[in-house]
Amino acid sequence: MKYVVCFSLISVICALAGNEVIAELYISGPTSAVLEGDAVALECLSDSQSDMQNYTFQKYSTWMRSWFQLDASRYLRCWFYNVNMSRTDGRLLLQLNDISEWQTGPYRCVSTRNDTTEVSENFTVPIIYLQDIYFQKMHSWYTSMSEVLYAEEGSTVEVKCAAASSRQPFYEWSQEDSDWILPSDTLTIKNVDEGSEGTYVCQARHPDMYSLVKTRSFELRVTPRDPDMLKIVDCFPFTDFNTDLQVGDILLYIVLPVAVLTILLITFLVIILRHRKQQMKKPQISLIDAEKRTPIYKGSLQSVSSTASDTQPLVM
């Protein structure tokens, strides 16, 4: 029993001594979520050090896969122009002005001395953000769309509303001068007609902050159905045709292929012309110069001009 009591006392003493030796390094920051665009202040603190002169802040870069110091100008400091680190009265502060979602962290505080490896736990700033809405035209090769959408009478229009957010937002569709509301991120209008024309508005609301709302609208215009297209649809009853070609569709399906073919044709012609030009630069053997030269002896590799007088006959 005495050995057990002694062992317990020794364990408690060692634990207390260890807590006194090991210093805890941590970051003090906001405990609740902040709104994007607000200013945030972080402070590096230590239980054993009151002067934080030998400490600095680091941020982890996902694409570099490494930590880098925020007070070192050689580590892409231009990307963090709104990040200011200050040392005032022995305190180490990090000011994040106009914070955005890509500046949430993680951050950590480390010692700059060589005789220690003090590192705090990672700290990520909780942030609430909701970016602008963008539309996607569904079941189309070209999903982007402008503020005006043309659709043929009798076709189906399907538009998806999306927005980047810290949490999945709530979406709803509405139509100007109308009372109906569609609680969904996708607007589907089948068999459109003149009564379907109008301005449709998508609203995205953040679930944690109902006052954070983004809206965007587009105008739907219905065009008469082409008789030739009706014949094609009758031949292919299981195919969904939507011929609302816009500027993006024309650029993607017509202008871009023509431009690529033109560039390839010009490149092919330039290669052919350069090849022929190089062939023309090769030295040509003149028949007139060849006639002026006759060999001295059979099998000789040297020749002299035929104009030179030679009275000695050639011996075979």
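The values are calculated or read from the model by the stated rules, or taken from the named source; none is laboratory data. The structure displayed is predicted, hence computed values, not measured ones. Cβ coordinates were reconstructed from backbone atoms using ideal geometry, including for glycine residues, and neighbour counts include every protein chain displayed. These area figures cover heavy atoms from the full protein model, side chains too; ligands, DNA and RNA do not enter into them. Shrake-Rupley method; radii C 1.70, N 1.55, O 1.52, S 1.80 Å.
Checking each residue in the stretch 104-151 for being within 30 Å of Ala33 (Cα to Cα) and assigned to a loop (DSSP other than H, G, I, E, B) picks out Thr104, Gly105, Pro106, Glu118, Ser120, Glu121, Asn122, Thr124, Val125, Pro126, Tyr129.
Matching residues to (1) among the hydroxyl-bearing types (Ser, Thr, Tyr); (2) open to solvent by 20 Å² or more (accessible area, probe 1.4 Å); (3) free of Cβ contacts under 8 Å to residues at least 60 places away in the same chain:
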position: Ser120; (1), (2), (3): yes, no, no
position: Pro126; (1), (2), (3): no, yes, no
position: Tyr129; (1), (2), (3): yes, yes, no
position: Phe135; (1), (2), (3): no, no, no
position: Leu149; (1), (2), (3): no, no, no
position: Thr156; (1), (2), (3): yes, yes, no
position: Lys160; (1), (2), (3): no, yes, yes
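In this structure, Phe57 does not satisfy being modelled with pLDDT under 85 and surrounded by 10 or more Cβ atoms within 10 Å (Cβ to Cβ). Counting only residues that are surrounded by 14 or more Cβ atoms within 10 Å (Cβ to Cβ) and not β-branched (Val, Ile, Thr), the stretch 185-196 holds 3 of them.
Every listed requirement among (1) at pLDDT below 85; (2) farther than 30 Å from Ala164 by Cα; (3) open to solvent by 40 Å² or more (accessible area, probe 1.4 Å) is met by Trp79 save one, (2).
Is it fair to say Val260 is hydrophobic (A, V, I, L, M, F, W, C) and at pLDDT 75 or above? Considered against the rule, which asks whether it is hydrophobic (A, V, I, L, M, F, W, C) and at pLDDT 75 or above, Val260 comes out as yes. The requirement of being modelled with pLDDT under 90 and small (Gly, Ala, Ser) is fulfilled nowhere in the stretch 216-238; no residue meets it.
Only residues that are at pLDDT 75 or above and polar (S, T, N, Q) were counted across the stretch 1-47, and they come to 4. Against the condition open to solvent by 40 Å² or more (accessible area, probe 1.4 Å) and touching a residue at least 24 places away in the same chain (Cβ under 8 Å), how does His139 come out, does it pass? Yes.
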